[in-house]
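None of the figures in this text is laboratory data; all of them are computed from the coordinates on show. Computed from a prediction, not measured in an experiment: that's the story for all the values here. Cβ placement follows ideal geometry from the backbone for every residue including glycine, while neighbour counts extend to all protein chains displayed.
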Amino acid sequence: MVWIAHEAGRELLGEVPAGVRVEVCEDAAAWPADPAEVDFWVPPFLSTVRATDQLPKFTKVRVVQLLSAGADAWVGHVPPGVQLCDARGVHDKPVAEWVLGAAIGALRQFPAFARAQQREDWAAKQFTPTAELTGKRVLIVGAGPSRSTWHRSASRSPGWRAPPGRPRGCTAWRNCRSFFRTRRSWSWSCP
């Protein structure tokens, strides 16, 4: 038996082999059937319980396919012989977009403008002029492939200067510490 996290996944799976039953389990606390019968589990990204705590009940599971690129919460919890698969690379472009949007939104004070709009306060002088991302030094911490995708996107943007390949001096955390010491630095950390 296969448990997937979303109903939309049925269509994405396409035709499954005869005899393979696919069930949707949107929450690790609400099971559609007996977890002891599951061979392949795609746990939900968000759940009302910790999905890793449910693993002992999956006595036949052979594969756990995560929807996230990170697997830290699962390492050490998956029994021997069970293949743990992450989704590295799947979210690179959306995360890179989100980081760019969040950075611009923070610098341009979008949250302050939204709160002012809710108050029907149209006096923008208190929020302007806003900062801009162009010309800022940006450090992405702990982003893995998403950082690389963001870096490639930024390299193609007009007015942005992103060196090709790895940013100089940031091959490891110990090499990035000096980046934080400069007053001209602006840093952003993403999961």
* **Yes/no for PRO44 being under 20 Å from ALA87 (Cα atoms) and either in contact (Cβ under 8 Å) with a residue 12 or more places away in the chain or within 21 Å of the chain's Cα centre (by Cα) (or both)** => yes
* If you go through segment 1-40 one residue at a time, how many are touching a Leu at 6+ places or on another chain (Cβ under 8 Å) and more than 15 Å from PHE58 (Cβ to Cβ)? -> 1
